[in-house]
Amino acid sequence: MTLEATLDATVTAQDVTFAFRVENVGESAVDLRFRTGKVADIEVYEANGEGGDPVWRWSDGRMFTQAIQERSLEAGASVEEEFTWSDPPSGEYVARASLAADTHAEAETSYVV
């Protein structure tokens, strides 16, 4: 099983939009099992922080269905999620997105607001 994850950040004057993509680059399907309705999540940290708490997490304050979902990700197929952080303070940040499935996939990117 081979999953490859990427994370891109687009900064505007009002917000930061993150595009998280997990692609099955293997030759056979990968079965993904999600324990809730959440497919992925993202956490943002100050770039100069020493492993502290995230300054923003997309899932904070959100509720998700408590239903198990299963998806088969065929070879060459991908899962894509988009997240928006509205009105972030100026600074240098590192964002980490992760797939919320039993199968691990994670990506990271740095950016400046």
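The values are calculated or read from the model by the stated rules, or taken from the named source; none is laboratory data. These figures come from a predicted structure and were not determined experimentally. Quick reminder, even Gly has a Cβ in these numbers, built from the backbone with ideal geometry, and neighbours come from all protein chains shown. Areas reflect the complete protein model, heavy atoms only, side chains present, ligands, DNA and RNA absent. Shrake-Rupley method; radii C 1.70, N 1.55, O 1.52, S 1.80 Å.
Compare the Cα positions of Thr109, Trp56, Leu73 along the charge dipole of the chain (+1 at Cβ of Lys, Arg; -1 at Cβ of Asp, Glu; about the Cα centre) and return the one farthest towards the positive end.
Leu73
Within 10 Å of each candidate Cβ there may be at most 14 other Cβ atoms; applying that plus a DSSP loop requirement, which trypsin sites (Lys or Arg not before Pro) in the range 1-53 survive?
Arg35
Over the chain, give the accessible area per residue in Å² for a 1.4 Å probe, as an integer.
Roughly 60 Å² per residue, with all protein chains present.
Percent of accessible area on the chain owned by carbon and sulfur, 1.4 Å probe?
In the chain, the share of accessible area belonging to carbon and sulfur is 40 percent.
Let's test the formula: R0 of 41 Å, r as the Cβ-Cβ distance of Arg35 and Ala13. What FRET efficiency results, to the nearest 0.05?
Details: r = 37 Å, r/R0 = 0.91.
Once rounded, the FRET efficiency stands at 0.65.
Of the chymotrypsin sites (Phe, Trp or Tyr not before Pro) in the range 6-113, which ones lie in a loop per DSSP and count no more than 14 other C-beta atoms within 10 Å?
Passing sites in the range 6-113 are Phe64.
Test of understanding: given the chain, find the longest segment containing no GluC sites (Glu not before Pro) that are in a DSSP loop and have at most 14 other Cβ atoms within 10 Å.
Excluding the exposed sites themselves, the longest stretch runs over 75-113.
Taking every pair of Cα atoms in the chain, average 1/r, invert it to obtain the Kirkwood radius, and report Rg/Rh to two decimals.
1.00
Using Cα pairs under 8 angstrom and six or more residues apart, how large is the relative contact order of the chain, in percent? Don't skip to the answer; put the middle values down first.
Numbers: 268 pairs, mean separation 41.7, N = 113.
It comes to 37 percent, rounded to a whole number.
Would you grab the residues whose amide H sits under 5 Å from the one on Ser59? Only those 5+ places off in sequence or on another chain, please, with H modelled 1.01 Å from N.
Result for Ser59 returns Ile42.
Read phi for every residue in the range 106-113 and hand back ³J(HN,Hα) as whole Hz from Karplus 6.51 cos²θ - 1.76 cosθ + 1.60, θ = phi - 60°, with x for Gly and Pro.
8, 9, 9, 8, 10, 7, 10, 9
Can you pull out the trypsin sites (Lys or Arg not before Pro) in the range 53-101 whose DSSP state is coil and whose Cβ has at most 16 other Cβ atoms within 10 Å?
Arg62
Once label points are set 7 Å from the Cα along Cα→Cβ at both Ala77 and Glu27, what is their separation, rounded to one decimal in nm?
Using points 7 Å along Cα→Cβ, the separation is 2.0 nm.
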